[in-house]
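What follows is calculated from the coordinates using simple rules that are stated; it is not laboratory data. What you see is a predicted model, and the numbers here were worked out from it, not measured in a lab. Using ideal geometry, Cβ is built from the backbone for each residue, glycine included, and neighbour counts are taken over all protein chains shown.
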Amino acid sequence: MKPMKRNELLVLLLILAIASWFRLAGLHDTPPGLYPDEAMVGNEAINAWNTKTFSVFYPYNNGEEGLYADIASIPIHFLGNTAFSLRLVSAIAGILTVLGVYLLARRMFDSWELAAMAAFFLATGFWHVNFSRIGFRAILAPMFAVWGFYELYKGLETNRIWHWVLAGVSFGLGMYTYIAFRVMPLAILLVLGAYWLALSAAFSHGKFAFVRHQLAGGVAAMIGVGILVCLPIAAYFVGHPADFVGRTSQISVFSTSNPVMTVAVNTVKTLGMFFLAGDSNWRHNISGAPILFWPVAALFAAGLVHTLWRFYDSWRKRGHPGVVQTLLLSWFLIGLIPEIFSNEGIPHALRSIIDAPVVAIISAVGLHWLTVWLRKWYAMRDTHKICLPGPRGHRWCVGEGSLVVGISVISLLFAIGVAEANRYFVTWAQDPNVPGAFNENYADIARHINSLPPATLKYVIVNAGGVLVNGIPMPAQTVMYLTDTWTPADQAAHHVVYLLPEQVASTRIPRGAAVFSIDP
């Protein structure tokens, strides 16, 4: 593996700057409002910081892994109870995922150009950008997946123990992010199996025995560290087995009358979301639009075909699947299982977000494959070179065909980046459906309450229904987070009273009190 050169480092820094702009620009008001599920995480974070009772799992709102809330408690404590401070964790996780994609793709393909393409697709792609700007814990899942596979791949190549340990840490921490991450061990096993078959085909019996012994030690270290990292949340689930299943049992295909047919239909819809019709939820997507911009979708299709062919060709010629192709295909297909085996809101961009990095890499494979083919095509037809003066009297020469292809690829990527920015910041962010999807009306109530004198009594009537949290329906979480009134003590300190509709008639609201209504 060649070390990074200056030009490559500059390209990587440029991509990270683009990724940062896509995730941080206007984050204080885009998305508008604050969805109650996001606010619930913020309230958990505030309470954890104030009481110093950080948890691996929070049972509120059907339950959720606690890592996001525990991390978010830091920016919320120092920056305040705002949507920005809550969503900042997602933005940073998204940027780190882009970096991980670059390093993983460079390691797998030994090509910084392909790695740059993959990182750029993830940096600008609406699918990942959108969830990098929302305070959902799911965004941590692709981050730990990409870094886990990066360290796993380095462990396979170098067999250095710290790479195996870091892989175990990454995969273990992934279990604290999102329930969909639980399918990743299956992808890991398939990658290890492919590598095992490749080793057995490459070495003689004696040499294979030695290499097998080394590999077993590294794998054991990864598994052991992963188990140690998972012990706290595993212990929690042993004591609270109902939380392990949680909402999964409510939305499982096995709760339908015909699970087999449901899985078949879901598979078609899920694969179709990349090309034909995507998630219709405005929080997750431009309602109904494919989750990939059409040129990227075409490149993804080309990359998927190329990957499948290389997988088959390796098996046909060498008797084993390629490790790189196994990693890409197993990650992609297994990452779709949580969506395919659910019966709610299919296609569902959030439930499959763990696949965003591998989709970006496969799309880059498609573009790189096309680029290599075009360069060869030009090389057979044109040998003319263009030379420019370089430093120290040297001349820098490049084939005319390579220059044309290079400029074309850069122009394509630039056009995709501009179009993706327009898709998110204009087409989606300015659509009138988006404020309602994030309950901006609830955030307006919170802003009004915050603008009143502290001594003013404020009564908030919660007419909207939902899962009860401390006896109050979920929609109130937005107002509670933005006004710092989640606990009874905080409500008393800020003179805020939350009432259910049936409590209004029996409550004497003083003259001069401000009254607000959280409606469906």
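With a cut-off of 15 Å between beta carbons, the residues surrounding Ile233 carry a summed charge of -2, where Lys and Arg count +1 and Asp and Glu -1.
Taking R0 as 45 Å, what FRET efficiency do you get between Ala513 and Ala25 from their Cβ-Cβ distance, rounded to the nearest 0.05? Walk me through the numbers before you get to the answer.
Numbers: r = 40 Å, r/R0 = 0.89.
Calculated value: 0.65.
Of the beta bridges in the range 437-518, as assigned by DSSP with both residues counted there, near 20 percent are antiparallel. Given a Förster distance of 45 Å, report the FRET efficiency between Asn470 and Asn422 from their Cβ-Cβ distance, rounded to the nearest 0.05. E between Asn470 and Asn422, to the nearest 0.05, is 0.60. So what is the 222 nm mean residue ellipticity for the chain from helices alone, if each DSSP H run of at least 4 adds -39500 (n - 2.57) and you divide by all residues, rounding to the nearest 500 deg cm²/dmol? It lands at -20500 deg cm²/dmol. Once the Cα atoms of helix 67-79 and of the chain are each reduced to a long axis, what angle between those two axes, in degrees from 0 to 90 to the nearest 10, is obtained? Helix 67-79 sits at roughly 70 degrees to that axis. Set Lys and Arg Cβ to +1 and Asp and Glu Cβ to -1, take the dipole of the range 249-320 about its Cα centre, and tell me which of Val263, Trp282, Gly319 lies farthest positive. The listed residue farthest towards the positive side: Gly319. With both labels modelled 7 Å from their Cα along Cα-to-Cβ, the Glu502 to Arg447 distance reads 3.5 nm. The C-alpha atoms of the chain define a longest principal axis, and helix 400-422 lies at about 10 degrees to it. The trypsin sites (Lys or Arg not before Pro) of the range 105-165 meeting both criteria, a DSSP state outside H, G, I, E and B (loop) and at most 16 other C-beta atoms within 10 angstrom of the site's C-beta, are Arg160.
Backbone phi angles across the range 291-300, fed through the Karplus curve with coefficients 6.51, -1.76 and 1.60 (θ = phi - 60°), yield HN-Hα couplings of 6, 10, 4, 4, x, 5, 4, 5, 5, 4 Hz in residue order; Gly and Pro are listed as x. Using 1/(1 + (r/R0)^6) with R0 = 51 angstrom and r between the beta carbons of Ala220 and Ala17, what's the FRET efficiency to the nearest 0.05? Efficiency, from the Cβ-Cβ distance: 0.80.
Computed as a quarter of the hull surface, the mean projected area of the alpha carbon convex hull for the range 244-301 stands at 5.3 nm².
Between the amide H of Phe57 and those of Gly66, distances stay under 5 Å, these residues lying 5 or more places away or on another chain, with hydrogens modeled in the peptide plane. Within the shell of other residues whose beta carbon sits under 11 angstrom from the beta carbon of Val56, the net charge comes to -4, with Lys and Arg scored +1 and Asp and Glu -1. Against the compact-protein benchmark of 2.2 N^0.38 Å, the Cα-based radius of gyration of the range 437-518 scales to 1.01.
Under 5 Å between amide hydrogens, built in the peptide plane, is the criterion, and for Ser517 it picks out Ile461 among residues at least 5 positions away or on other chains.
To the nearest ten degrees, helix 6-24 and the longest principal axis of the Cα atoms of the chain are 20 degrees apart. Here the Kirkwood formula, the inverse mean of 1/r across different C-alpha pairs, assigns the chain a hydrodynamic radius of 25.1 Å.
What's the center-to-center distance, using Cα atoms, between the range 437-461 and the range 406-432 in Å? Spelled out, the Cα-based centre of one part sits 36 Å from the other. Across the alpha-carbon atoms of the range 127-269, the computed radius of gyration and Dmax are 18.5, 55 angstrom.
Rounded to the nearest Hz, the phi-derived 3J(HN,Hα) couplings of the range 470-487 under the Karplus curve 6.51 cos²θ - 1.76 cosθ + 1.60 (θ = phi - 60°) are 6, x, 10, x, 3, x, 6, 4, 4, 5, 4, 5, 6, 10, 6, 10, 6, 8, where x marks glycine and proline. Among 499-508, 6-15, sorting by the average number of other beta carbon atoms lying within 10 angstrom of each residue, highest first, gives 6-15, 499-508. Amide H contacts of Val467: Met474, each under 5 Å away and 5 or more positions distant or on a separate chain (H built 1.01 Å from N in the peptide plane; Pro and chain starts excluded).
Rounded to the nearest 20 Debye, what is the dipole magnitude of the range 1-50 about its Cα centre when Lys and Arg each give +1 and Asp and Glu each give -1 at the C-beta?
Using only the charged Cβ atoms, the result is roughly 560 debye.
About its Cα centre, the chain has a charge dipole of approximately 1900 debye under the convention of +1 per Lys or Arg Cβ and -1 per Asp or Glu Cβ, with nothing else charged. Between the listed residues Ala492, Phe149, Leu333, the Cα displaced farthest toward the positive end of the dipole of the chain, a dipole computed from Cβ unit charges relative to the Cα centre, is found at Phe149.
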